[in-house]
């Protein structure tokens with residue numbers, strides 16, 4: 001009889017082979033486990049083979065059947081299987097308990113936090129990995145790619161995490177993944193031109209990559225083209241966006257998430273010129289299987305907003321009112337998405353009555369819901385559109401009062417509402433009120449842990465212009481708060497130096513070294529090219545520079561006599577003699593031609609036998625000539641004569 005081969009040795013030979021089929025490894029591992037059940041190596045090989053075959057539930061089942069000891073030995077495999085099977089909380093909890101075992105658990109914990117939309121936790125984990133010194137060489141590019149993805153998601157979620165390091169990394173974009181994530185980060189910051197350049201670079205790198213097969217290359221090009229279509233649409237280039245959409249149609253993609261996003265974006269491109277009813281049916285048909293698709297929260301909210309916008313264009317007002325009302329009643333947290341829902345609800349209520357957006361209807365909704373920020377912002381927008389900034393500011397102040405009474409200070413001093421108040425104050429020239437609002441917001445946020453750096457930077461820069469000592473102290477606190485969180489921020493450093501310059505010169509001088517040199521900031525600026533292109537240079541005269549007239553000592557300096565230019569009439573001609581009667585009323589001029597009863601009375605006075613009126617000549621002021629006027633007649637009675645008493 002032929003000698004039978006040992007299953008364990010067969011499995012060992014397969015594992016040491018250079019190119020091994022995962023199915024063969026799985027069969028050999030099952031055979032080895034049957035021959036000797038408690039075989040940790042065979043169990044680990046089976047679990048890894050199942051993971052490579054994307055059979056994550058089977059891998060978890062195999063570990064559970066093997067017992068707790070096997071689960072403990074294969075903790076990393078179990079953690080990865082939990083993450084891939086969708087149990088993000090379980091994967092994150094297990095990885096957090098095992099961080100001391102190695103860097104692999106940091107990666108899984110960060111990925112689980114990223115997919116669970118806990119981007120702050122994911123950013124902290126990636127920062128710990130980057131700062132660690134025992135990382136492998138291949139990790140540098142992966143960490144840069146994943147860190148940029150986390151930053152882009154934070155910006156899309158509305159977090160104040162924008163910085164120069166988010167759009168440029170120390171790693172050169174030599175791979176299409178890195179260029180693509182850098183482009184996404186620029187898109188989230190609103191830098192669409194930079195994003196378009198990076199997307200073209202990512203497309204070129206992906207199409208010329210030798211590490212990808214043709215199917216993989218086509219699959220990787222789909223998200224790049226989707227972002228190109230979105231970027232072109234945001235730049236207002238509808239033809240280029242439509243071209244990218246047509247190019248996408250030639251690619252075969254089976255991912256339901258990509259299908260849903262492409263359908264939504266294509267409907268947005270066709271919304272202005274197409275039929276609202278047919279577009280709404282297409283979007284609703286695409287949103288049908290969206291419950292099985294796992295999108296990020298901001299993507300789901302935008303899909304819902306687009307659906308409501310199309311429903312309003314299709315005049316389905318009652319349905320929009322009912323749907324938004326249900327969502328508002330079930331919402332448990334206050335966020336910008338809730339404000340959008342309340343805005344859509346108020347607009348649908350107004351359009352439901354007359355089909356036209358009415359300020360009266362919006363105000364009625366705002367009165368019944370005084371703390372509804374969405375309804376108040378809709379009324380403010382309508383006031384601003386009708387050029388009534390005073391009424392808009394009054395509505396905003398009423399909203400602020402209501403929020404303060406409800407102790408909703410986080411919403412009261414949210415950066416968006418503060419920016420709106422500053423804009424309305426600035427439109428009306430109310431500088432003191434604007435600075436007062438910024439000071440209130442600064443005092444609130446300086447006591448909080450979560451810092452809106454953009455708001456504090458803007459408030460500090462404006463309060464530095466105030467002559468009030470309290471405002472200067474608040475500006476100093478703002479820049480100190482921002483500088484404590486991001487010491488590399490040049491704006492915060494500059495503001496801190498400016499705030500210390502008036503009361504602490506030593507600290508200001510100590511911080512000057514943290515500023516980048518002016519030569520480094522302007523090293524790539526072609527000054528001569530700007531001058532040749534027509535740069536306007538202000539000519540500063542010695543008089544303007546000194547602020548007073550310069551005087552020559554010991555010389556015959558002649559003071560320049562400037563003749564005062566008098567305002568003259570627009571019809572005045574040089575050399576023409578002015579009319580001497582121009583200072584008299586029209587009726588007293590010799591050229592007047594009266595009409596009506598006055599003309600007849602004057603004609604009667606000029607006839608023969610008429611009353612002869614005495615005239616006198618009056619000299620005009622300034623030597624302008626003389627004119628004849630009627631002499632005033634003396635009254636017939638005496639004002640001093642007493643009235644005779646009557647008989648008693």
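Every number in this text was worked out from the coordinates using simple rules, so none of it is lab data. Fair warning: this is a prediction, and the values are worked out from it, not measured in the lab. Here Cβ is always computed from backbone atoms with ideal geometry, including for glycine, and neighbour counts include all displayed protein chains.
In nm, to one decimal, how far is the modelled label at residue 532 from the one at residue 97, with both set 7 Å along Cα→Cβ?
It works out to 7.0 nm between the two label points.
How big is the Rg/Rh ratio for segment 28-99, C-alpha atoms only, Rh by Kirkwood, two decimals?
0.98
Between residue 242 and residue 270, 0.36 nm times their residue separation minus their Cα-Cα distance comes to what?
Details: separation 28, 0.36 × 28 = 10.08 nm, distance 0.94 nm.
Extra length from residue 242 to residue 270 when fully extended: 9.1 nm.
Which percent of Cα-Cα pairs in segment 7-147 sits in each 10 Å bin, short to long?
The percentages, shortest bin first, are 12, 35, 31, 18, 3.
What Rg and what Dmax come out for segment 315-412 when only alpha-carbon atoms are used, in angstroms?
When restricted to Cα atoms, segment 315-412 yields Rg and Dmax of 13.3, 38 Å.
Pull out the extension gain between residue 89 and residue 210, defined as 0.36 nm times the separation in residues minus the alpha carbon to alpha carbon distance; nm, one decimal. Don't skip to the end; give the middle numbers.
On the way: separation 121, 0.36 × 121 = 43.56 nm, distance 3.73 nm.
Result for the pair: 39.8 nm of gain on full extension.
How far, in nm, would the chain grow between residue 486 and residue 23 when pulled straight, counting 0.36 nm per residue and subtracting the alpha carbon separation?
On the way: separation 463, 0.36 × 463 = 166.68 nm, distance 5.14 nm.
Taking 0.36 nm per residue and subtracting the Cα distance, the gain is 161.5 nm.
Considering Cα pairs under 8 angstrom that are at least six residues apart, work out the relative contact order of segment 7-147 and quote it in whole percent. Intermediate values should be presented prior to the final figure.
Numbers: 142 pairs, mean separation 17.5, N = 141.
With pairs under 8 Å counted, the relative contact order is 12 percent.
Which whole-number percentage describes the relative contact order of segment 315-412, with Cα contacts under 8 Å and a sequence gap of 6 or more?
Computed over segment 315-412, the figure is 20 percent.
Determine, from the Cβ-Cβ distance of residue 285 and residue 573 and an R0 of 51 Å, the FRET efficiency 1/(1 + (r/R0)^6), rounded to the nearest 0.05.
0.05
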